[in-house]
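First comes the structure, then the notes that go with it.
The values are calculated or read from the model by the stated rules, or taken from the named source; none is laboratory data. A quick note: this is a predicted structure, and the numbers were derived from the prediction, not measured. Using ideal geometry, Cβ is built from the backbone for each residue, glycine included, and neighbour counts are taken over all protein chains shown.
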Amino acid sequence: MPRKKAQPKPVAPLSASPFEQAWSGLRAPSAPHPTVSARWLLIATSLAVLAAGACAWGTLCLLFWQGSWQLLYHPTSAVTRTPASVGLAFDPVGFATTEAGQPLLKGWWIPAATDARYIRYTFLYLHGQNGNLGDTVDDLAALHAVGVNVLAFDYRGYGQSQFAHPCEARWREDTDWALQYLTGTRHLAANTIVLDGKDLGANLALEIGALHPELAGIILQEPLDAPVNAIFNDPRARLVPAHLLVRDRFDAIPPATALRIPSLWFLQSPTPGRVASPDHLGAFKKVTAPKMLVWLAPLPNANKDFENSLSRWLDDLPSNGRTLPGCQLGNGLAC
């Protein structure tokens, strides 16, 4: 049988060298490049600008929220004066202690003289938004001269009290702790405690007094009319929703309406022979509980008017049901 002729094996094609492959790629027709429409570019640019603006505005809101308290509160930490500088005996006190036993609040206990006329009363003094206790020594000396015990303290963020940014909520909490210290630690009856606030501390005292009808009374020295406007009227507040970012209000009208304990109001007459603007009397007019208003003359007569008016008001406190005078003249000023 004849043999089949052997078929030649197929020869594999020689692979192209890398140089040839690159050269053929260069010679081959290239694919068309994708194009981006002008409309898409405009939309993307607009969204990027809006996102950057939103981030910048959000950062501004955050900075305003964190720092706006400095427009209203002006605390200092260095206490440069004590009651000893005017010859008053006092005891440094600390209260509202943490779990570690560290007091959050520092203050002074200034006892009345043993033969003082109003030794049964204790004044809880609430200072204003500026400085610290060292700036209140003269006011505390005036209260001591009337013959009452005095507890004065620094809010958190002021003086030697714990550092924290001041705010209305913290001020209320600090004052409640001070009341607990007087009733719980010093075992004082609530109906012998009188709140005494000055400037923004007067607005605070009004809020606390409305919540504690068991107290003996409340003294308001120059309460502020719309104090938070110091924040809202700042030019930077126009760039952000300030009324949403700021929680503090210190509005005197609602607590004045709810007040049920006797109140003594001291207002400084702007000039001799004239009374303050009726706007300052809005909260006073809302009070339905026994109240008294005193227009203080310019210094030095104001100190004497203050002591005399306070003494007469304290004389009336035991008979809280009796209506107090509606206005007490100061140095001949008209009501």
Among the residues of the stretch 60-76, which ones are polar (S, T, N, Q) and either free of Cβ contacts under 8 Å to residues at least 24 places away in the same chain or not in a loop (DSSP other than H, G, I, E, B) (or both)? 66, 68, 70
Counting only residues in the stretch 190-245 that are part of a helix (DSSP H, G or I) and charged (D, E, K, R), the one nearest to residue 174 (Cα to Cα) is identified as 207
Which fully enclosed strands (runs of 3 or more DSSP E) of the stretch 77-184 have 1 or more residues being aromatic (Phe, Trp, Tyr) and surrounded by 22 or more Cβ atoms within 10 Å (Cβ to Cβ)? 103-110, 122-126, 149-153
Subset of the stretch 106-165 [among the aromatic types (Phe, Trp, Tyr) and farther than 19 Å from residue 309 by Cβ]: 108, 109, 153, 155, 158, 163
Name the single residue that is farthest from residue 248 (Cα to Cα) among those in the stretch 56-108 being among the small types (Gly, Ala, Ser) and under 17 Å from the mean Cα position of the chain (by Cα). 77
Every listed condition ((1) in a helix (DSSP H, G or I); (2) farther than 25 Å from residue 119 by Cα; (3) modelled with pLDDT of 95 or more) holds for residue 250 save (1)
Within the stretch 203-232, which residues are under 14 Å from residue 125 (Cα atoms) and either surrounded by fewer than 16 Cβ atoms within 10 Å (Cβ to Cβ) or among the polar types (S, T, N, Q) (or both)? 203, 221
The one condition residue 214 fails out of (1) under 23 Å from residue 305 (Cβ atoms); (2) over 24 Å from the mean Cα position of the chain (by Cα); (3) not aliphatic (A, V, I, L, M) is (1)
Taking residue 164 and the conditions (1) free of Cβ contacts under 8 Å to residues at least 24 places away in the same chain; (2) more than 19 Å from the chain's Cα centre (by Cα), which numbered condition does it fall short on, given that it satisfies the others? (2)
Can you pull out the residues in the stretch 58-76 that are surrounded by 12 or more Cβ atoms within 10 Å (Cβ to Cβ) and of a type in the set (S, T, N, Q)? 68, 70, 76
State the number of residues belonging to the stretch 253-280 that are surrounded by 15 or more Cβ atoms within 10 Å (Cβ to Cβ), at pLDDT 95 or above and not in a strand (DSSP E or B). 7
Leading residue by the ranking (farthest from the chain's Cα centre (by Cα)) among those in the stretch 233-252 that are aliphatic (A, V, I, L, M) and exposed (fewer than 15 other Cβ atoms within 10 Å of the Cβ): 239
Would you check if residue 31 is at pLDDT 65 or above, over 23 Å from the mean Cα position of the chain (by Cα) and not charged (D, E, K, R)? no
With (1) modelled with pLDDT under 65; (2) closer than 30 Å to residue 243 by Cβ as the list, and residue 51 as the residue in question, which single condition is left unmet? (1)
